[in-house]
1. In terms of solvent-accessible area of protein heavy atoms at a 1.4 angstrom probe, what is the ranking of Leu208, Leu612, highest value first?
2. Just by accessible area at a 1.4 angstrom probe, what is the order of Cys532, Cys210 from largest to smallest?
3. Testing the spin-label approximation: label points 7 Å from Cα along Cα→Cβ at Gln163 and Val698. State their distance in nm.
4. Which trypsin sites (Lys or Arg not before Pro) in segment 472-534 sit in a loop by DSSP (not H, G, I, E or B) and have at most 16 other Cβ atoms within 10 Å of their own Cβ?
5. Return the distance in nm (one decimal) between the two label points of a simple spin-label model at Arg495 and Arg690, each offset 7 Å from Cα along Cα→Cβ.
6. Can you tell me the length gained on complete extension of the stretch Leu349 to Tyr545, counting 0.36 nm per residue apart and subtracting the Cα distance?
7. Please give the solvent-accessible surface of Phe400 in Å², to the nearest 10, using a probe radius of 1.4 Å with every protein chain present.
8. What are the trypsin sites (Lys or Arg not before Pro) within segment 47-120 that DSSP puts in a loop, where the Cβ has at most 15 other Cβ atoms within 10 Å?
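The values are calculated or read from the model by the stated rules, or taken from the named source; none is laboratory data. What you see is a predicted model, and the numbers here were worked out from it, not measured in a lab. Positions of Cβ are backbone-derived with ideal geometry, glycine not excepted, and every protein chain shown enters the neighbour counts. We work out accessible area using only protein heavy atoms, side chains counted, and drop any ligands, DNA or RNA first. Shrake-Rupley method; radii C 1.70, N 1.55, O 1.52, S 1.80 Å.
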Amino acid sequence: MTEDHSKVMDSQVRAPRLAQYLLGLRLAFTGGRGARARVLLTTVAVGLGVAMLLAVASIPAMEQHRNERLYTQYDTFYGSSTARPTGRSVLTGDADTVFKGQSIRGRVVQPDGPGSPLPAGVAHYPAPGRMAVSPALKSLLSAPGSALLRQRLPYPVSGTIGQAGLLGPGQLSFVLGSDQLSQADGAVRIDNYGHQYTSTPLSPELMLLCLVGFVVMLVPVGVFLGAAARFGGEQRDRRLAALRLCGADRRMTARVAAGESLAGAVLGLLTGVLLFLLGRQLAESFSVQGVSFFAQDITPQPLLAVLVAVLVPLLAVGATLLAMRGVTVDPLGIVRRGRPRQRRLWWRLVLPPSGLAVLLWIFRDASALQTDRGIATAALGMVLLLAGVAALVPWLVGAFTRRAGGGALSWQLAVRRLDHGGGSSSGAVGGIVVAVAGAIALQTLFTGVAADVATQLPSGTTGAVGRYQAQVDFPGAAASIAVQTARFRATPDVRAVLGFTQVQLVGKGQSIAMLVVADCTTLRAFAPLPDCADGDFFVAHSAQYDPTTDFAPGSSAGFGMSASGVSGPAWRLPVPTAAVPIGPGPLDTTDALNSGEGEFLATPGAVPAALLRSQGSTVYIDYDSARPDALDRLRTSAALISPMAVLTVPGDLPVDHNFSIVSRALAIGAAVTLLLIAASLLVGQLEQLRERRRVLAVLHVFGTARRVVALSVLWQSVLPMALGLLLAVAGGLTLGGVLLHLASLPVSVDWDAVGLMAGLGALSAVLVSVLSLPSLLRMMRPDGLRHE
């Protein structure tokens, strides 16, 4: 120790507590290579943890900003199919499509006058036949392998959609100019874009997911701080012994050691903030299931950000002070306790019920998680429960080893080591036990929320079934059925095409029947017909219902029905050519089109052309779905017939983007959590071996086989981990079940996921032992007997 260091230490032994922590901060950078290595290690680990915590804390704001942007795109939802044009209106139609699984938002627009409102992010309306595209779509159009998309959107690009008109930098979107739109073709008229957004908080279920993920990811940061406090401990022990020589007591030496850990924690906090800022810039380059975010939309919730800033330094100080309780610093060296104090059980048993009690109290009100106070209280309850699980690990390990009988030499060495000095081992394992317990609780909650989300999603249109795998709907294009079917028949990989018009007839008393208009060949797919010619009109009835009961020949019926429920123009029903029994239909089902009751079948000549012109058409397609790009070729053919064509296939279901965002963020966080936990275990294992190097050398000198010592080290990792994982599974399932019950969600357990997480915990213990073997073999050399 230099004279300058001696003077500094002598001046600080009677300094106030804050100055003692500051001395530790100074020694962290001037205490030698080992101290600086510990600071660097802590900085990297804490930085990763803090960055992930800030990312999870940003999920509520990300969802809110996305909703705000989503409302600026509202147009056709509020449009009118009957409004007259004005100088401040615009016709627009939905032209959404999908390319290789990527959703593309499309709109066809036709302004009615110079005062027509502009879509958000568009500087001017594109000319007819030209389009404005988002930067992401522009890149996709020019990418190799996008030839089918270029065929589908063969329009020159005349503008770019700015950030104000996009949900995220990865959104694929285009606005196509037109001069051929009409309300009869399915377009609607609007006089403004967007809709007022009323801020709504994240749903309690998703907020609960975020909160559990935040707590679970916070724990590994504290665990690693405790492990890093032991790294490079030999040089630190010498410095603390020098402090004792200068007159410092044990409490001061603990504070100085805590100050050294605080240096890494503070630098890690700053590093984490920088990593988060860098990560949110890089996030603009990534898209998950079509969801992406602008950097400014990724903002941590203030309360959670403050918690991170306060808790990380406190965890550093607390973890080191707790670790220093296990050592006695003497002026001439370090004397470690030969046997730990007997562990008391009562306070360990109090923590889990206390956490459950806090959760039960806060969840009395269903809206509790919508307030900062409720969030903080729920987090406290989960921390208490998980901390109680970790606190039980050392007691359980001690109780087991005291009662463990004889066995192989490696087993006896491991058991005696754990019995006499297993506190550090149990502490390191306690961290991964908390992480596994939290992950199991998170997965259990995730499973319940996923089941609830699935039940709340609308069923949507799943497309055709049976022989036909795809269904294409054309708005206002009934007069072009022959052109449509011919185009699809010419598309590669298509085996059969069935095109028709389906219309709702509205009779007296708002009774409804279905009318299918198609040529004779197509109509035979719906019912067995006698001789058929253009101009024929048939009644298809079931055994339970005859449509002519409510729709008598010669009576007047409304032809079609608007979205508002208003029936269309009157049509006088002709006299039926024949009555036929209803068939199974083209989808091999009796209720796909007619609810199993009955319908009318008509050839085009039996219905006035003026009435058909404003109706949509439907095309069923049988194609070879095993061929590459077969579905994209169908979409391209449909879009070339009409940009507003809608193609659906079985399995096309709505996606809850909020749930997707939360689930992906938590999955990434879990990966980083596992990395931190494994690193903390490895650091703790290496430090334990360093502390025992003389004992290991003695064992080798006295003839103990290296294989026996290596197996004993493996047992010392596996035994506490096995006992701890039993607690982790029990605690995780308990917490997950309680959270599901309190959130009124279905209680279900994904046992495969539980087994996977428990297996990863056990695997980490084995891997850490294997990685520590080179260090173990090196420390068993005879030169390890040297001692000053």
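1. My answer, sorted largest first, is Leu612, Leu208.
2. In descending accessible area the options line up as Cys532, Cys210.
3. The modelled label-to-label distance comes out at 6.6 nm.
4. Filter output for segment 472-534: Arg524.
5. 6.9 nm
6. In short, 63.6 nm is gained.
7. Counting only protein heavy atoms, Phe400 exposes about 80 Å² to solvent.
8. Arg88, Lys100
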